[in-house]
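Participant: Would you mind keeping the following structure in view while I ask a few things?
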Amino acid sequence: DVLVAVMGDRAKAFGQKLEDLGVTVACAPAGLVTETDFAPVREKVMRTAASYRDATVDAAALPGYLAALPRLLTENLVIHVSGTVEEPVSLNGFYGNGLLWIKADTLGDWTVKNIITVQDCSVRVSIQNAVFIDSGAAAETYYKSVVFGYNARYLEVVECTFTGDGTGRAMMVTNQASGFMLRCTIQNFLSAVCSWGSLMSVAESGGSEN
């Protein structure tokens, strides 16, 4: 068997010639990415500078909006949120040279009554001006955290407030994640922040009863 490791139109032609000679090709030419296949997405894949784009989303629709986004992020997407979200919010598998910035325009416009999980994301994820109210949802999860980063390259929480019920954590990062909390207030949690096999930085933040 012959394994074709060269990419592009020439590899496809080479693979076809081998098959014409009766050679079994382990890497089927039909499965190769050709120049023609690559052309429509070349600009997005090769882009090094990301532009900004703004979107406005009702908080209740945020989980579905994020789930429908392409995982390859080639722009700096700023999502302006208002209202209340009571379902878990998940950001999973985003990569590329862009960033995700989820924010309320002013503190108090956006209330989160469940958890936010950022998992396997290599893009920067920023959460700003959220009012987190935890009535036990965090304690029901395995890592018991309102904001949880797992293998998240850079997760930051800025100018948010966290109010708990005496259980769980406000924020935790694990599995080689990097977390940053800035100018946040945390009240009534079992512990404020936690890092496990990751880097967690806290600045200009405080609280009580933690």
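The values are calculated or read from the model by the stated rules, or taken from the named source; none is laboratory data. Nothing here was measured: the structure is a model prediction, and the numbers come from that model. Neighbour counts run over all protein chains shown; Cβ positions are idealised from the backbone, glycine included. Areas reflect the complete protein model, heavy atoms only, side chains present, ligands, DNA and RNA absent. Shrake-Rupley method; radii C 1.70, N 1.55, O 1.52, S 1.80 Å.
Participant: Of everything in segment 168-187, what is open to solvent by 50 Å² or more (accessible area, probe 1.4 Å) and either charged (D, E, K, R) or assigned to a loop (DSSP other than H, G, I, E, B) (or both)? Give them in sequence order.
Facilitator: Once the filter is applied, which keeps residues that are open to solvent by 50 Å² or more (accessible area, probe 1.4 Å) and either charged (D, E, K, R) or assigned to a loop (DSSP other than H, G, I, E, B) (or both), segment 168-187 yields ARG169, ASN175, GLN176, ARG183.
Participant: Would segment 128-143 turn up any residue that is open to solvent by less than 40 Å² (accessible area, probe 1.4 Å), at positive phi and modelled with pLDDT of 95 or more?
Facilitator: Scanning segment 128-143 turns up at least one residue that is open to solvent by less than 40 Å² (accessible area, probe 1.4 Å), at positive phi and modelled with pLDDT of 95 or more.
Participant: Then there's this: Please tell me if LEU91 is in contact with a Cys (Cβ under 9 Å, 6 or more places away or on another chain) and closer than 20 Å to VAL146 by Cα.
Facilitator: yes
Participant: Let me ask another. Mind listing just one residue for me: the one in segment 157-167 that is within 19 Å of TRP101 (Cα to Cα) and of a type in the set (Val, Ile, Thr) and, of those, least open to solvent (accessible area, probe 1.4 Å)?
Facilitator: Going through the qualifying residues, I end up with VAL157.
Participant: Which of (1) farther than 20 Å from LEU91 by Cβ; (2) open to solvent by 50 Å² or more (accessible area, probe 1.4 Å); (3) hydrophobic (A, V, I, L, M, F, W, C) is the odd one out, the single condition TRP196 does not satisfy?
Facilitator: Looking at each condition in turn, TRP196 falls short on (1).
Participant: Can you name the number of the only condition in (1) out of contact with any Ser or Thr (no Cβ under 7 Å at 6 or more places or on another chain); (2) more than 20 Å from ALA139 (Cα to Cα); (3) surrounded by fewer than 16 Cβ atoms within 10 Å (Cβ to Cβ) that GLU209 fails?
Facilitator: (2)
Participant: Select from segment 79-125 the residues that are crowded, with 19+ Cβ neighbours inside 10 Å and small (Gly, Ala, Ser) and write down the one among them that is modelled with the highest pLDDT.
Facilitator: ALA104
Participant: So, restricting to strands (runs of 3 or more DSSP E) that lie completely within segment 51-160, which ones have at least 1 residues that are in contact with an Asp or Glu (Cβ under 8 Å, 6 or more places away or on another chain)?
Facilitator: 52-58, 76-85, 89-92, 116-128, 145-158
Participant: Could I ask something else about it? From the list ALA5, ALA68, ALA30, ALA55, which residue is at pLDDT 70 or above, over 30 Å from ASP165 (Cβ atoms), open to solvent by 70 Å² or more (accessible area, probe 1.4 Å) and among the aliphatic types (A, V, I, L, M)?
Facilitator: Result: ALA68 is the single residue among ALA5, ALA68, ALA30, ALA55 that is at pLDDT 70 or above, over 30 Å from ASP165 (Cβ atoms), open to solvent by 70 Å² or more (accessible area, probe 1.4 Å) and among the aliphatic types (A, V, I, L, M).
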